[in-house]
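J.: Take a look at this one; I'll ask things after.
The values are calculated or read from the model by the stated rules, or taken from the named source; none is laboratory data. Quick caveat, the model's predicted, so the values are computed rather than measured. Cβ atoms come from the backbone with ideal geometry, glycine included; neighbour counts cover every protein chain shown.
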Amino acid sequence: MLTPKEKFERRRSRARARVSAHRGDRLRLSVYRSNMHIYAQLVDDESRATRVSASSLEKELRTALKSGGNKDAAAKVGALIAQRAVKAGIKKVVFDRGAYLYHGRIKALAEAARENGLEF
């Protein structure tokens, strides 16, 4: 019987394999969520560097948000990372949802990023 941590790691590796197969020369938009906050970063896997990042912990978002762990916060983080990416000259990315299902906060972040100029 697998532990919850082992199940999580298996889901993550399956999602990462699909992302890697379709990545090509695009950066990876990696998402992490905790109960209290949500984080997103654009990662260049070849150079192992983070190009752009955003989270609900940032001062400008913390003051504007009631909570960092809801869909509203996720949408604002998605919009912020998309704006920063476009400013850095990055338009096309591949979305790495990790082991999380594509609904709720993950979906809100992805839709906001798309609306603000990222293509994936």
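J.: How many residues are modelled with pLDDT under 95 and buried (at least 19 other Cβ atoms within 10 Å of the Cβ) when one looks only at the stretch 64-73?
T.: Counting residues in the stretch 64-73 that are modelled with pLDDT under 95 and buried (at least 19 other Cβ atoms within 10 Å of the Cβ) gives 1.
J.: Filter the stretch 91-108 for residues that are within 15 Å of Arg18 (Cβ to Cβ), charged (D, E, K, R) and part of a loop (DSSP other than H, G, I, E, B) and give the result.
T.: Passing the criteria: only Arg97.
J.: Can you name every residue in the stretch 42-63 that is surrounded by 12 or more Cβ atoms within 10 Å (Cβ to Cβ), touching a helix residue (DSSP H, G or I) at 6+ places or on another chain (Cβ under 9 Å) and at pLDDT 90 or above?
T.: Passing the criteria: Leu42, Arg51, Val52, Ser53, Ala54, Ser55, Ser56, Glu58, Leu61.
J.: May I ask you to list pairs of residues, at least six apart or on different chains, whose Cβ atoms are under 6 Å apart, with the first in the stretch 74-89 being surrounded by fewer than 22 Cβ atoms within 10 Å (Cβ to Cβ) and modelled with pLDDT of 95 or more and the second being of a type in the set (A, V, I, L, M, F, W, C) and outside any helix (DSSP H, G or I)?
T.: Hits for this filter: Arg84/Val52; Ala88/Val52.
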